[in-house]
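To start, the structure under review is shown below, and the notes come after it.
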Amino acid sequence: MEVMTRPLISAKLRERFANAERVVVLTGAGVSAESGVPTFRGGGNSAVWKGLPFDVISSAGMLARDLPVVWEWFNYRRGVLATLKPNPGHEAIASWEKQFKEFTLVTQNIDGLHQAAGSRNVIELHGSIWRARCFECGARVQVSELKFDDSVPVCFECGGHLRPDVVLFGEMLSPGAFEQAAAAAGQCELCFVVGTSAVVYPAASIPEIARTGGACVVEVNPERTPLSDLCDEVLTGKAGEILPLLRTEGSRQKAET
Ligand code: BJW
């Protein structure tokens, strides 16, 4: 008996991918899962650390109550991340940057793996684990330049306490980052939503803005999310397996036209 299989990437999406000029990609923890970075929700071993759920330890309240423990948590995670490498999902996205006239990569991830894969322009909505910021003067510094002799590092400029340059629960996003991402989303023709549970706002509103602006929205995730019903296409599976398929098929089609 002949078994009919439907291609994972539809002809319609391949055509859109080949012809689009303005593309936005929103990524979340799932794009780094195949590199070994635990996700926040749906399993993974970072959901609880030393008995503290991540939304407690990664919160504005914890920063005010116990800055040393927040540094300990981020130091631990940086140690894990330093051993990890980008995966084919990050690499596919990095290659897209050169392929489209206007390409905007927006990530909720703080791990720096998109940059490690070669992405140059990355809007980091939730900051970076590789930077620290001064409470007093706002100066930003690469964590690699800091000394961790004491539990809380201090600012070279003013001697104030530093904190991880990351947007914790209950904090505002850095001015400009969301606005830039939202403007690109409102203008794009194609929006990929990769590896996010789409429950944290305002990041989850990026694909909603893209849809309202008339874009085709495509989700890449092994599981359904609250966003799935809004999407034009849902590609069920792992980012590291699906995104490279789109790259090769898309590139070939572009070359043929
Ligand atoms: C795979 C895969 C594979 C697995 N391939 N996929 C409007 C409505 C309701 C609430 C709010 C709202 N506006 C604001 C809020 C409050 C709050 C919020 O959204 N809360 C909800 C959770 C209810 N938002 C905020 O506090 C934000 N601030 C803000 O809005 O400021 C204004 C304001 C201030 C005060 C009050 C009100 C408004 C800030 C949010 C900052 C989030 N920070 C964190 C922690 C960063 C620091 C750290 O790392 O410790 O960022 S939370 C955490 O969630 C992290 C992530 O970036 C973020 C999103 O998670 P993500 O990336 O989606 O990961 P997961 O784990 O949830 O999902 C992984 C997905 O991957 C799953 O779907 C898997 O299936 C999939 N997957 N393997 C592809 N191989």
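The values are calculated or read from the model by the stated rules, or taken from the named source; none is laboratory data. Bear in mind the structure is a predicted one, so any value in this text is a computation, not a measurement. Reconstructed Cβ throughout: ideal geometry from the backbone, glycine too, with neighbour counts over all protein chains shown. Heavy atoms of the whole protein, side chains included, go into the accessibility calculation; ligands, DNA and RNA do not. Shrake-Rupley method; radii C 1.70, N 1.55, O 1.52, S 1.80 Å.
If the convex hull of the alpha-carbon atoms of the range 103-166 is projected onto planes in all directions, what is the mean projected area in square nanometres?
Quarter of the Cα hull surface area: 4.8 nm².
Along each principal axis, taking the top coordinate minus the bottom one, the Cα set of the chain gives 66, 40, 30 Å in descending order.
Where both bridge residues fall in the chain, DSSP classifies roughly 30% of the beta bridges as antiparallel.
In the chain, helical runs assigned H by DSSP with n ≥ 4 each contribute -39500 (n - 2.57); averaged across all residues and rounded to the nearest 500, the mean residue ellipticity at 222 nm is -10000 deg cm²/dmol. With each label modelled as a point 7 angstrom along the Cα→C-beta vector, the residue 158-residue 83 pair spans 3.8 nm. Rounded to whole numbers, the Karplus 3J(HN,Hα) couplings from phi for the range 95-103 are 5, 5, 4, 8, 8, 10, 4, 10, 10 Hz, using 6.51 cos²θ - 1.76 cosθ + 1.60 with θ = phi - 60°, and x at Gly and Pro. The local environment of residue 120, defined by Cβ-Cβ distances under 10 Å, has a net charge of 0 under the rule Lys, Arg +1 and Asp, Glu -1. Using R₀ = 35 Å, calculate the FRET efficiency as 1/(1 + (r/R₀)^6) where r is the Cβ-Cβ separation of residue 183 and residue 139; round to 0.05. The formula returns an efficiency of 0.80 here. For the range 193-246, the Kirkwood hydrodynamic radius comes to 11.3 Å, computed from all pairs of different C-alpha atoms.
For the range 1-139, the equivalent ellipsoid derived from the Cα gyration tensor has semi-axes of 34, 20, 13 Å, listed largest first. Count Lys and Arg as plus one, Asp and Glu as minus one, and take only other residues whose Cβ is under 9 Å from that of residue 89; the net charge is then -2. Ordering of 181-194, 59-72 by packing is 181-194, 59-72, highest average first (other Cβ atoms within 10 Å, averaged per residue).
May I ask you to give the solvent-accessible area per residue for the chain, in square angstrom, as obtained with a 1.4 angstrom probe?
Values: 12720 Å² over 257 residues.
Accessible surface, normalised per residue, equals 50 Å².
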